[in-house]
1. Six or more apart or on different chains, Cβ under 8 Å: which pairs go from a residue in segment 13-40 that's on the phi > 0 side of the Ramachandran plot to one that's assigned to a loop (DSSP other than H, G, I, E, B)? Could you list them?
2. Considering only residues of segment 43-71 that are charged (D, E, K, R), part of a strand (DSSP E or B) and closer than 19 Å to residue 13 by Cβ, which is farthest from the ligand (Cβ to nearest atom)?
3. Among (1) in a loop (DSSP other than H, G, I, E, B); (2) at pLDDT 85 or above; (3) surrounded by 16 or more Cβ atoms within 10 Å (Cβ to Cβ), which single condition is residue 16 missing?
4. Going residue by residue through segment 93-100, is there one that turns out to be more than 9 Å from the ligand (Cβ to nearest atom) and part of a strand (DSSP E or B)?
5. Of all residues in segment 1-30, which are among the small types (Gly, Ala, Ser) and either within 16 Å of residue 77 (Cα to Cα) or touching an Asp or Glu at 6+ places or on another chain (Cβ under 9 Å) (or both)?
Amino acid sequence: MTTKKGTKVLTEILNIQGIKVIQMSQQPGIGIILQVESIHRESHCHHCRTKSNRLHQNHRYVVKYLSWGEKPVFLEINRRQFKCKKCGKPFSEKLDFVNNRRTYTKRLADTIIKSVLSSDIH
Ligand SMILES: [Zn+2]
């Protein structure tokens, strides 16, 4: 069980805009799994642009993030699906860091470069 203070620190380390860490767990033989979700309570309907916070379903999936030491880190993302109040259609929330793969890859590269540089200094 991760403490509230612990997840706050992890959110700061992760430093992905609009995303917070809600739980961290270690899976033997797999690595570290960070459960993350959007900090926003609502999203805009893709069909009519109406803001909605009526939760329809939770869609969880896991992406490989990077490695801390020898442990691979995975993000378990909860991409929520809302049901629009106006047009009644379900829609998935937009998660910028997942949709924009170029930014995501760049962030990975930056992090790796930084860790290489800091290990040179010590
Ligand atoms: Zn709608």
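The values are calculated or read from the model by the stated rules, or taken from the named source; none is laboratory data. Computed from a prediction, not measured in an experiment: that's the story for all the values here. Glycine gets a Cβ as well: all are built from the backbone with ideal geometry, and neighbour counts include every protein chain shown.
1. 18/39; 18/40; 18/95
2. 71
3. Condition not satisfied by residue 16: (2).
4. Checked segment 93-100: no residue is more than 9 Å from the ligand (Cβ to nearest atom) and part of a strand (DSSP E or B).
5. Correct list: 18, 25.
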